[in-house]
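The values are calculated or read from the model by the stated rules, or taken from the named source; none is laboratory data. Since the model is a prediction, treat every value here as computed from it, not as a measurement. Using ideal geometry, Cβ is built from the backbone for each residue, glycine included, and neighbour counts are taken over all protein chains shown. In case anyone asks, the SASA skips ligands and DNA or RNA and just uses the protein heavy atoms, side chains included. Shrake-Rupley method; radii C 1.70, N 1.55, O 1.52, S 1.80 Å.
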Amino acid sequence: MIMKNKLLSLLLALPVFSANADMLLGADIEVNAWNQDYEFNDQGSGDDVNYTLEASIEHPIPLIPNIKYAHSSADANNFKYTKQDLTLYYELLDNDLVSLDIGAGLTYLSKGELNNQTFEGYVPYLYAATEIGIPGTPLFIFGKGSGISYSDYDMLDASAGLQYEIGMGLFDVELQIGYRIQTFNLKSFDNLTTTLDTETSGYYAGVNVDF
């Protein structure tokens, strides 16, 4: 009888433990196919399709920020680069209808080429993201962006779109479509003798898995 009571108590405690685990730690992974159009010095520089990746980990510990990693790349006629972002952010709002994140981070540009010159280096930025649910539907409107403008450095990476959420029990699958623009206007960046003045923009589609 004692053993049965202990087993029953354990079974009753499992849902509570599961709920607390969800509150303690969350994560998501996002992969998109981005149809990119390129410009260099306001002139067309080709187009391509590249894949992007984002991953984040969230927790409820006060004052300690959440963390997000993002990866994208560009391969134009006049330029190419790999862009990696590391963002520290806080959730100001997080409910079924509205979420709002703000933070700051650092972009690392690597494998850069601009008219036969190579470059790499870091650019800091501010970050913000929001999602707004459409009541009575599994649809969300989202927008997010990072950027900075100071001295000889201007950078923007912004996107907005529509997301369809599919609940799977232990996690959610979110299908999304959107538009993204990524611009740089960096003077005297690394050892470049030419200003890195580029724009990469276009529609994208993909999936986000939210644990």
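Rounded to the nearest 10 degrees, the angle from helix 2-24 to the longest Cα principal axis of the chain is 20 degrees.
Taking amide hydrogens as placed 1.01 Å from N in the peptide plane, the amide H of residue 36 sits under 5 Å from those of 48, 49, 50, each at least 5 positions away in sequence or on another chain. Compared with the rule-of-thumb size 2.2 N^0.38 Å for a compact globular protein, the stretch 97-211 has a Cα radius of gyration ratio of 1.30. The label point for residue 118 and the one for residue 47, both projected 7 Å from the Cα toward the Cβ, are 3.2 nm apart. Where is the GNM fluctuation largest for the chain (alpha-carbon springs, 10 angstrom cutoff): 196, 97, 175? In the Gaussian network model the winner is 97. The residues of the chain expose, per residue, 58 Å² of accessible area to a 1.4 Å probe. Among 169, 46, 178, the largest mean-square fluctuation in a Gaussian network model of the chain (Cα springs under 10 Å) belongs to 169. Computed in the context of the full set of protein chains, the accessible area of the stretch 64-145 at 1.4 Å probe radius has 61% of its extent on carbon or sulfur.
Mind checking the log10 I(q)/I(0) for the stretch 146-205 at q = 0.12, 0.16, 0.25 Å⁻¹? Debye, one equal scatterer per Cα, no solvent, two decimals. Debye intensities relative to I(0), on a log10 scale: -0.47, -0.64, -0.98.
Shown for the chain: lysine pairs separated by 8 or more places, or found on different chains, whose C-alpha atoms are under 24 Å apart, numbering 11. Once you put a point 7 Å from the Cα of residue 57 and another 7 Å from the Cα of residue 93, both along the Cβ direction, what distance in nm separates them? In this crude label model, residue 57 to residue 93 measures out at 2.8 nm. Per residue, the Cα convex hull of the stretch 67-163 amounts to 106 Å³. Per the Debye calculation on the chain with a single equal scatterer at every Cα and no solvent contribution, log₁₀ I(q)/I(0) for q = 0.10, 0.13 Å⁻¹ amounts to -0.51, -0.78.
Over the chain, DSSP H runs of length four or greater, each weighted -39,500 (n - 2.57), average out per residue to a 222 nm ellipticity of -4000 deg cm²/dmol. Between residue 166 and residue 139, the modelled labels are 1.8 nm apart [label points 7 Å from Cα along Cα→Cβ].
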